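Working notes for the structure below.
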Amino acid sequence: MCGISGFVDRRLADEEARHVLSQMVKSQAHRGPDDFGTENPTKGVWFGHNRLSIIDLSSDGHQPMARNHLTITYNGEIYNYLEIKTELESLGYRFTSKSDTEVILYAYAQWGTGCVERFRGMWAFAIWDESEKTLFCSRDRFGIKPFHYVCDDESVYFSSEIKALKYSRLYSSELNPFQLMRDIQLGWSVYSDETHYLKIKQLRPGENLIFKAGKLSLIPYYRLIARPMDRGETNLSMEFRNRFFDSIRLHMRADVEVGSTFSGGIDSSAVVCAVQHIYHPDRFQTFTVWYEQADERPFASQVWKMYPSIVHHTLQPDTSELSEAYIRATRQYDIPVSGSSYLSQYFVMKYAHQCGIKVLLDGQGSDEYLMGYLHSLYRLFATYLRRGSVAAFVRELFTFSKMQHWKAPKVADLVFKSLLSTFLSEHNLYKLEYHHFYPNAFRGGEDTPFFLPIADPEPLRNFSWHLIYSTILQTLLMHEDRNSMAFSIEARVPFLDHLLVEFGFSAPLKEKISNGYTKHILRKALSDIMPDNITWRIDKKGFVTPGEVIWLRNQLRWLLDESMELPGIDARVWKQEKKKFLTGNDKNARWIWRVASANYWYKTLNVS
């Protein structure tokens, strides 16, 4: 895991170019404190790199790396690099390092832009091909690693984080008001190729960028689609288990110690228990955050008891550090801190860094394609109703109502939203949420553009596709990258191995939600290696914090006292909702947090 930066700009004199690149590299020093480097492959082309040494800790892995006519700056991990390296060696290539970076270079030399289709992992890289006078850039299939860029008719600048692009002559602090509105009203910190800055873009997941002769082209190389499955039920859960274990093995490849975040939920427990089951390590460190209002340690302790070699670290964040953490996180993210749960993750990463960990496994990604969110039920029931499977709808509704102890109003609400999901498209459902779930303090906010196309005819699978690419996962991955890299930690997500995702995404309905349980195939596949009270727990909790209510009324109250300067905000609506919140009304607490955070971010936008 590292930081990349660079540009193709022939308008800059060499001395100015060196200064710009130097500032870009310095701004991302937290991403790679082990080494840094710059390279000028040819006139007007400049690459920079900040290295966090994970594989091949020697100087042989130094970047930017050049081989023959190719130069690369790369962030991420190609987990199947050893297998690709063996294939390349059989084709006559000779390696001088043990790094996956060199594997990417020679893979590109052999297969051209098609090399990325052979990679399993997470990546964002740029290659300068001197023989073709071409810049080739790529981002992994699910957008785990960031790639931002800004361009004009003849130049392009790129970097891992937006802050590095502020040194580009093309940088503008002009806001993208539409992305700001999406962030506040829907919680989408990320949408498509847009950022909170009008002129700064990001590569979409599964997309390549080619810049040649002043022309920039964006070329998708991957699209997640459902594939036919004809195996029996037992074989499906066994196949999922095998693919998950294979992903764990790949994600454990490192020349440094690997630990894991751990909440006591199903996903993080699956990761931790799989590591224990496969490797039986003498020592494996896990990191758990807890609050008096949300304490997962009773669940986590069952895993610690089952696997005594786990060295468990628990952390109750010090509330006296909240303001400092919030301010630093705002600088780190380059966007508003749009949820207090991201600060929980920030504290976990800080603690792991203090314990000397450089790589952490994380359970991110499972909920989005195995349907771990309870609001997935609306689309499940919509799928049944569209198929005319009324009996299945009633049976599953009754089962969930009984297991979750839902009262009549909750059941009525679920049925109503399921009917909406039956008759409305995913796009129109989110339009309703945008306009009616929270107050809208943006003048003209009704014109905010977003589009959720039909990615799959099945409502549940279409919902899943957008969870991955449009609504939730991209935001979670962005924050995980910034939080982990703030403390020079590589966060790895085994659930997002593309072969595993494709299998889970394609699985039948009953493998995802069945008999009152979400993520049914995961529970079945790993039931023998996890404690029963975790495998079959029915509540769903994320990184829950007391932030939007308690922190915002106490340690972070100063955010509400800041003068409102956010462009486009209706001050009357803001004051009215803030008054309700301060007098004890928590209904729109999350919205209050988002508006206050966006306002603080805007006021500090150009403060280094």
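The values are calculated or read from the model by the stated rules, or taken from the named source; none is laboratory data. Everything quoted here is computed from the prediction, not taken from an experiment. Don't worry about glycine lacking a Cβ; one is built from the backbone with ideal geometry, like all the others, and counts go over all protein chains shown.
With respect to being more than 17 Å from the chain's Cα centre (by Cα), within 23 Å of residue 551 (Cβ to Cβ) and not assigned by TED's automatic domain parsing to the domain that holds residue 597, residue 343 falls outside the description. Of the residues that make up segment 53-74, is at least one farther than 23 Å from residue 258 by Cβ, part of a loop (DSSP other than H, G, I, E, B) and in contact (Cβ under 8 Å) with a residue 60 or more places away in the chain? Yes, segment 53-74 contains a residue that is farther than 23 Å from residue 258 by Cβ, part of a loop (DSSP other than H, G, I, E, B) and in contact (Cβ under 8 Å) with a residue 60 or more places away in the chain.
Comparison of 424, 419 shows that the only residue that is surrounded by 15 or more Cβ atoms within 10 Å (Cβ to Cβ) and either farther than 30 Å from residue 592 by Cβ or of a type outside the set (Lys, Arg) (or both) is 424. Residues in segment 591-608 that are modelled with pLDDT of 95 or more and farther than 15 Å from residue 176 by Cα: 591, 592, 593, 594, 595, 596, 597, 600.
Filtering 580, 603 for residues that are out of contact with any Ser or Thr (no Cβ under 7 Å at 6 or more places or on another chain), without any contact (Cβ under 8 Å) to a residue 24 or more places away in the chain and surrounded by fewer than 22 Cβ atoms within 10 Å (Cβ to Cβ) leaves a single hit, 580. Just one residue in the set 556, 526, 552, 566 is under 24 Å from residue 396 (Cα atoms) and buried (at least 19 other Cβ atoms within 10 Å of the Cβ); that residue is 526. Would you confirm whether any residue within segment 536-550 is within 22 Å of the chain's Cα centre (by Cα) and more than 21 Å from residue 291 (Cβ to Cβ)? No, segment 536-550 contains no residue that is within 22 Å of the chain's Cα centre (by Cα) and more than 21 Å from residue 291 (Cβ to Cβ). Collect the residues in segment 433-467 that are crowded, with 19+ Cβ neighbours inside 10 Å, of a type in the set (A, V, I, L, M, F, W, C) and under 22 Å from the mean Cα position of the chain (by Cα), keeping them in residue-number order. Answer for segment 433-467, where residues must be crowded, with 19+ Cβ neighbours inside 10 Å, of a type in the set (A, V, I, L, M, F, W, C) and under 22 Å from the mean Cα position of the chain (by Cα): 450, 452, 455, 460, 463, 465, 467. Of the strands (runs of 3 or more DSSP E) contained entirely in segment 118-196, those carrying at least 2 residues that are of a type in the set (Ser, Thr, Tyr) and modelled with pLDDT of 95 or more fall at 134-139, 156-159.
Residues checked against (1) crowded, with 23+ Cβ neighbours inside 10 Å; (2) among the acidic types (Asp, Glu); (3) more than 20 Å from residue 8 (Cα to Cα):
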{"residue": "100", "(1), (2), (3)": "yes, yes, yes"}
{"residue": "123", "(1), (2), (3)": "no, no, yes"}
{"residue": "140", "(1), (2), (3)": "yes, yes, yes"}
{"residue": "147", "(1), (2), (3)": "yes, no, no"}
{"residue": "153", "(1), (2), (3)": "no, yes, no"}
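Table: residues versus (1) in contact (Cβ under 8 Å) with a residue 24 or more places away in the chain; (2) of a type in the set (Lys, Arg); (3) out of contact with any Asp or Glu (no Cβ under 6 Å at 6 or more places or on another chain).
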position: 403; (1), (2), (3): yes, no, yes
position: 414; (1), (2), (3): yes, no, yes
position: 419; (1), (2), (3): yes, no, yes
position: 424; (1), (2), (3): no, no, yes
position: 431; (1), (2), (3): no, yes, yes
position: 439; (1), (2), (3): yes, no, no
position: 467; (1), (2), (3): yes, no, no
position: 473; (1), (2), (3): yes, no, no
position: 486; (1), (2), (3): yes, no, yes
